[in-house]
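To keep things clear, I will list the structure first and then write my remarks on it.
Just so you know, all these numbers are worked out from the coordinates, no wet-lab data involved. All figures in this text were calculated on a predicted structure; none of them were measured in a lab. Don't worry about glycine lacking a Cβ; one is built from the backbone with ideal geometry, like all the others, and counts go over all protein chains shown.
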Amino acid sequence: MPKFYLTTPIYYASGAPHFGHAFTTLYADVIARYKKQRGDDVFLTAGMDEHGAKIAEKAKAVGKSPQEFVDGLAEEYKTLWKKLGVQNDDFIRTTSEKHKKGVYAFLERLWQKGDIYKGEYAGLYCVGCEKFLTEKDLVDGVCPDHLRKPELVKEENYFFNLKKYLPLVKEKIVSGELEIFPESRRNETLSIIESGADDFSISREKVEWGIPFPYDSKQTIYVWGEALTSYVSVLDFPDGEKYKKYWPADLHLIGVDINKFHTIFWPAMLMSAELLLPKKIFVHGLFTVNGQKMSKTLGNVVDPNDLINRFGADAARYIILSQFSALEHGDVKADEFDIKYNADLANGFGNLFERVFSMYLKYRSGDNKNMENKNIDAEVERLINEAKNNYQSHMDNIQIFEALRVVLLFAKHLDKYINEKSPWDLYKTKGQGAELDEVLDSLMAGVEKIINWLLPFMPEKMEKADDFFKKVIAKQQQPEDKLGLFPRVI
Ligand code: MSP
């Protein structure tokens, strides 16, 4: 059984989970479920990034200790993933002993290699971003993302010798040994390497809320110096069985905001530590909400819990993943969630299933005909094969929005087929018989495919549909029995 190790970013424990976090995590869950369907031994991770100045600041603002503060948020994230049906196999917290053990073992390799040196850093630090900015990044003297003036920080730091590894990272990317998708993001990475990235601090002097830097008691490890290591510490690096079994990662899923850290810093750190590189990094675009950047100040932060309350967990999964193609930046049409739900789920898949099942029960001749010896209309057969190939190729290329579109289009073809064949007329004019049976069997074959294709996206609903499907075939349902998968919302 081939193994498939898939990771999601560990999110900052600085605020409640929002649409963006749910987007990446659900994206990963769908891929994980798809790989499982195909027989892979999948390991999917989630987790929290719990150290750093920003988190300490937030905790203080609400009168909590940093640990208390992050404990509460970790619970919130875990609960959300559970509610959304995310099948993560572990949940790594950077305040855990397991993580610290992995980080120390990892760092020791870099230290022994002579790739860490002491230096002085002076720069503009944005606590909101947890990174140094350049004058060029600022708009009117403030960080455009956090609308705050970065602090001028001058401190002694330990640096990682990134420069030494840049040509090697480039080589791995160019040779395809390290795959970055999509192409546009790969080019971005290559152009950052081309223009020369600086060595980065791996420790901080004035940040108390962090893992102590083992080689200098006045320092803590910089959040980005330890966060990436969570991808191996979660597997009990350096000597855990899981590490031996699952590393290297088959896929890191991230947003474009953290591209540089994953496609340049991380591979360089791994090479320094003499660990294998991840095979593939998929970098998705970022979204705006109704055309604006999602922000608390604008009041347009979409809480996934609201979606679950309104539509149920599976439909929330669908809505979150069907908003925009991950290949580009996109926009979330928060004003149109109801419209989307009614169009694609209630009137789309839900209505199609209901129509097909009730016609099958009403018009199909013979009892207990099993689906093995059925006649399928050649045109439907062709549509099935076409959709199947497109769906699989999109899923294999981590393009799940595109895969969903294929399924939706296929459902529309089936709707059209029903209208063209009008089984009710066939029944009226010719009664039950081979011709009508073929139409109904073709429709059932199509619906069976849709259920299967949508299973990684809406697991609970599709299991329910599959159960109903089997009962319909066995004629254990009545024509007036309703599946009621996606009741319309008003
Ligand atoms: N803690 C770091 C990640 C360390 S990984 C070793 C971090 N955390 S974060 O909480 O800021 O999460 C960033 C990630 O959240 C993005 O890369 C993306 O996966 C998701 N998103 C947050 N906002 C988003 C959008 N507006 N659009 C799409 N995804 C977004 O960075």
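From the cross-link list Lys78/Lys471; Lys428/Lys449; Lys54/Lys260; Lys449/Lys471, which pairs have alpha carbons spaced over 24 Å apart?
Lys78/Lys471; Lys428/Lys449
Sort largest first and round to whole Å: the equivalent ellipsoid semi-axes of segment 185-236, each the square root of five times a Cα gyration tensor eigenvalue.
Those come to 27, 17, 8 Å.
Which values of log₁₀ I(q)/I(0), to two decimal places, follow from the Debye formula for segment 61-186 at q = 0.14, 0.16, 0.17 Å⁻¹ with a uniform point scatterer at every Cα?
Ignoring solvent entirely, the Cα scatterers give -1.22, -1.41, -1.40.
Over the chain, what relative contact order in percent results from Cα pairs under 8 Å that are six or more residues apart?
16 percent
Under 8 Å for C-alpha pairs, at least 6 residues apart: give me the relative contact order for segment 1-48, rounded to a whole percent.
After rounding, I find 65 percent.
Which far-off residues, 5 or more places away or on another chain, put their amide H under 5 Å from the one on Lys131, with H placed in the peptide plane?
Cys126
Would you calculate the convex hull of the Cα atoms in segment 405-490 and tell me its volume per residue in Å³?
Hull volume over Cα atoms, normalised by residue count, gives 128 Å³.
Sort largest first and round to whole Å: the equivalent ellipsoid semi-axes of the chain, each the square root of five times a Cα gyration tensor eigenvalue.
50, 23, 20
Do the alpha carbons of any pairs in Lys242/Lys280; Lys3/Lys244; Lys98/Lys242; Lys60/Lys296; Lys170/Lys279; Lys412/Lys475 sit beyond 21 Å of each other, and which pairs?
Cα-Cα > 21 Å for Lys412/Lys475; rest within.
Students often check this: by mean Cβ neighbours within 10 Å, which of 104-115, 185-196, 343-354 ranks highest, and how do the rest follow?
Listed from highest to lowest mean packing, they are 343-354, 104-115, 185-196.
Of all DSSP beta bridges in segment 172-285, what percent run antiparallel (nearest 5)?
30 percent
Looking at the chain, what % of its DSSP beta bridges pair antiparallel, to the nearest 5?
Antiparallel: roughly 45 percent of the beta bridges in the chain.
Enumerate the amide H contacts of Asp331 below 5 Å, restricted to partners 5 or more residues apart or on another chain; note that Pro and chain-start residues carry no placed amide H.
Close amide H contacts, sequence-distant or interchain: Thr288.
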